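Enquirer: Before I ask anything, here is the structure I am working with.
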């Protein structure tokens, strides 16, 4: 099933089309941080197993965030939500209440979201993909700290927790997303 629904302007989607076409196969996310020496470093993690199965949907967007009810209607109209078990939200500055609302509305096991800025790009990392592969990026926080991928777990009211694991690769700032790739309302770099 692995389907993606994106909410972008025509200009924004043109820039993102290649990466978003590949998102159905996304397996990795990058947690960026600025080291004390000023270097940007991205630790690459495997997505939690609940977010890689065949019953996953991906919802992405940029700009003003619709209400949770508008999100739910749009998703129900365009995605096979009756078969979905997890949702990966690729919008900047996600909100637990919104994620929990969507989990409850569709009976999802897990909804993943980021507190900070999110981007999706295609990268060539041979140790992880044979060709160009899709990656989800979480921009570093205001003080350079890594920002977590949060999981609103269990639609029955389970706790929200950060995705964990050991990094499978480390990348440098050559792979840092372009300022226009971030799914923020402004599209500017920090």
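Enquirer: Restricting attention to the stretch 18-33, report how many residues are surrounded by 19 or more Cβ atoms within 10 Å (Cβ to Cβ) and assigned to a strand (DSSP E or B).
Expert: Residues meeting the conditions: 5.
Enquirer: When only residues in the stretch 58-71 that are surrounded by 16 or more Cβ atoms within 10 Å (Cβ to Cβ) and more than 23 Å from residue 135 (Cα to Cα) count, which is modelled with the highest pLDDT?
Expert: Across the stretch 58-71, the extreme among qualifying residues is 71.
Enquirer: One residue is enough: does the stretch 3-16 have a residue meeting the conditions more than 13 Å from the chain's Cα centre (by Cα), in contact (Cβ under 8 Å) with a residue 24 or more places away in the chain and part of a strand (DSSP E or B)?
Expert: Yes, the stretch 3-16 contains at least one residue that is more than 13 Å from the chain's Cα centre (by Cα), in contact (Cβ under 8 Å) with a residue 24 or more places away in the chain and part of a strand (DSSP E or B).
Enquirer: In the stretch 115-145, which residue that is surrounded by 19 or more Cβ atoms within 10 Å (Cβ to Cβ) and more than 16 Å from residue 27 (Cα to Cα) is modelled with the lowest pLDDT?
Expert: The qualifying residue modelled with the lowest pLDDT is 116.
Enquirer: Follow-up. With respect to the numbered conditions (1) surrounded by fewer than 18 Cβ atoms within 10 Å (Cβ to Cβ); (2) under 17 Å from residue 139 (Cβ atoms), which one is the sole condition not fulfilled by residue 91?
Expert: Here residue 91 clears every test but (1).
Enquirer: Answer yes if at least one residue in the stretch 38-49 is crowded, with 17+ Cβ neighbours inside 10 Å, touching a residue at least 60 places away in the same chain (Cβ under 8 Å) and assigned to a loop (DSSP other than H, G, I, E, B), and no otherwise.
Expert: Looking through the stretch 38-49, at least one residue is crowded, with 17+ Cβ neighbours inside 10 Å, touching a residue at least 60 places away in the same chain (Cβ under 8 Å) and assigned to a loop (DSSP other than H, G, I, E, B).
Enquirer: Now, a different point. Can you name every residue in the stretch 92-140 that is without any contact (Cβ under 8 Å) to a residue 40 or more places away in the chain, under 22 Å from residue 35 (Cβ atoms) and in a loop (DSSP other than H, G, I, E, B)?
Expert: Result: 115, 116.
Enquirer: Looking at the structure I just gave you, is residue 74 surrounded by fewer than 21 Cβ atoms within 10 Å (Cβ to Cβ) and modelled with pLDDT of 85 or more?
Expert: Yes; evaluated as a whole, the condition is true for this residue.
Enquirer: I'm trying to understand the selection: among the residues of the stretch 146-157, which are buried (at least 23 other Cβ atoms within 10 Å of the Cβ) and within 22 Å of residue 70 (Cβ to Cβ)?
Expert: Result: 152, single match.
Enquirer: Can I ask one more? At pLDDT 85 or above, within 17 Å of residue 52 (Cβ to Cβ) and under 18 Å from the mean Cα position of the chain (by Cα): does that describe residue 163?
Expert: Answer is yes for this residue.
Enquirer: Additional query: So which residues in the stretch 133-151 are over 10 Å from the mean Cα position of the chain (by Cα) and over 16 Å from residue 49 (Cα atoms)?
Expert: Residues satisfying the conditions are 133, 134, 139, 140, 141, 142, 143, 144, 145, 146, 147, 148.
Enquirer: Would you tally the residues in the stretch 72-91 being assigned to a helix (DSSP H, G or I) and under 15 Å from residue 3 (Cβ atoms)?
Expert: Total meeting the criteria: 8.
The values are calculated or read from the model by the stated rules, or taken from the named source; none is laboratory data. What you are looking at is a predicted structure, and each value in this text was computed from that prediction instead of being measured. With ideal geometry, Cβ positions are generated from the backbone for all residues, glycine too; neighbour counts draw on all protein chains shown.
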